[in-house]
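First up is the structure itself, then whatever we jot down about it.
The values are calculated or read from the model by the stated rules, or taken from the named source; none is laboratory data. Being a predicted model, the structure only gives us computed values, none of them experimental. Glycine gets a Cβ as well: all are built from the backbone with ideal geometry, and neighbour counts include every protein chain shown. Please note that ligands, DNA and RNA were not included when accessible areas were found on the heavy atoms of the full protein model with its side chains. Shrake-Rupley method; radii C 1.70, N 1.55, O 1.52, S 1.80 Å.
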Amino acid sequence: MKTFIITGTSRGLGEELASQLLKTDHYVICLSRSKSGMLKQKAEERKAPLLEIQADLTAADSIPDLMEHIFSSIPAEGLQGIYLLNNAGTVQPVAPAELASAGEMVQNISINLIAPMVLTAEFIKRTADIPAEKRIMNISSGAARNSYEGWSSYCSAKAGLDHFSRCIAEEQKHRENGIKCVSIAPGVVDTSMQEHIRSLEEGRFPQQAKFIKLKKEGKLYSPTFAAEKLLTVLFDDQFGSEVIMDIRGV
């Protein structure tokens, strides 16, 4: 049995990752603000173990108790691998820094950076004595490596996630049966985040026209395609040999 803990699974890329992982020999644990009817239906059809937990990941202080609950549900016997996929994210606020409120900035950093940091820390603590394969995949963005007007919070959070992943990889490489960690940009995926960007008031986000053009030209990745590529990376024998990755280079 392999166990997967995935955040942000109510829609989009996270939902598709969870869907593709639903198998009889996989235990999929989903953390999201709301549950997915599609995942529940597919799990029943495939007779695949699924646990969906409604959680507010901006409440970082609650994450240790949340992980305690999750790990108490994982059967230790016969565990072949355990994987954490930090996918939950938000692009908002989309505005010049001086027009974003303090609350919006805090929420962005909480979801995009603080939550995956705390989840990763708890994952490391609770798997230290587990001899199975252990891997963490952080869903990053090209915005971590390029600056965009109007995305100061998002770019900063994703850049922080990349560097956090580098640090985790360094810390773990000297440990026996250490965890392997990768931070990967999934390309431009056709999700609700992209819909939000395209629907913004004209002039609020200077790069808006670029994303509208990608949609019109059919150059956005479907969640299905992006999830397939990400899972190919997750299960690759070379996972972790390169910490910072981009799906477009796979």
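Answer with yes or no whether residue 19 is farther than 27 Å from residue 150 by Cβ, touching a Cys at 6+ places or on another chain (Cβ under 9 Å) and surrounded by 13 or more Cβ atoms within 10 Å (Cβ to Cβ). Taking the combined requirement at face value, the residue does not satisfy it. Within segment 145-168, the set of residues being hydrophobic (A, V, I, L, M, F, W, C), over 16 Å from residue 117 (Cα atoms) and in contact (Cβ under 8 Å) with a residue 24 or more places away in the chain comprises just one member, 151. Being over 23 Å from residue 92 (Cβ atoms), within 14 Å of the chain's Cα centre (by Cα) and of a type in the set (Val, Ile, Thr) is a property that residue 74 lacks.
Which of the residues spanning segment 109-144 are within 27 Å of residue 189 (Cα to Cα), charged (D, E, K, R) and without any contact (Cβ under 8 Å) to a residue 60 or more places away in the chain? Of everything in segment 109-144, just one residue is within 27 Å of residue 189 (Cα to Cα), charged (D, E, K, R) and without any contact (Cβ under 8 Å) to a residue 60 or more places away in the chain, namely 134. If the condition is being at pLDDT below 95, charged (D, E, K, R) and part of a helix (DSSP H, G or I), then segment 206-250 contributes 210, 213, 215, 216, 248. Please find, within segment 127-162, the residue that is farthest from residue 64 (Cα to Cα) out of those that are part of a helix (DSSP H, G or I) and out of contact with any strand residue (DSSP E or B) (no Cβ under 9 Å at 6 or more places or on another chain). Selected residue: 152.
Of the residues that sit in segment 1-16 and are within 14 Å of the chain's Cα centre (by Cα) and among the charged types (D, E, K, R), which one is surrounded by the fewest Cβ atoms within 10 Å (Cβ to Cβ)? Step by step, filter segment 1-16, then rank; the result is 11. Condition first: in contact with a strand residue (DSSP E or B) (Cβ under 6 Å, 6 or more places away or on another chain) and within 19 Å of residue 14 (Cα to Cα). Now tell me which residues in segment 54-107 satisfy that. Those that are in contact with a strand residue (DSSP E or B) (Cβ under 6 Å, 6 or more places away or on another chain) and within 19 Å of residue 14 (Cα to Cα): 55, 70, 82, 83, 84, 85, 86, 87, 88.
Close contacts from segment 38-52, counting a first residue that is free of Cβ contacts under 8 Å to residues at least 40 places away in the same chain and a second that is of a type in the set (D, E, K, R) and open to solvent by 40 Å² or more (accessible area, probe 1.4 Å), with Cβ to Cβ under 6 Å and a gap of 6+ residues or different chains, come to 48/23. Residue count for segment 85-137, restricted to those that are under 15 Å from residue 3 (Cβ atoms) and hydroxyl-bearing (Ser, Thr, Tyr): 1. Mind listing just one residue for me: the one in segment 53-93 that is part of a strand (DSSP E or B) and in contact (Cβ under 8 Å) with a residue 60 or more places away in the chain and, of those, farthest from residue 161 (Cα to Cα)? Among those residues, the one meeting the criterion is 81. Within segment 167-205, restricting attention to residues that are surrounded by 18 or more Cβ atoms within 10 Å (Cβ to Cβ) and hydroxyl-bearing (Ser, Thr, Tyr), the residue that is modelled with the lowest pLDDT is 191. Against the conditions (1) more than 26 Å from residue 184 (Cβ to Cβ); (2) surrounded by fewer than 17 Cβ atoms within 10 Å (Cβ to Cβ), residue 106 satisfies every one except (1).
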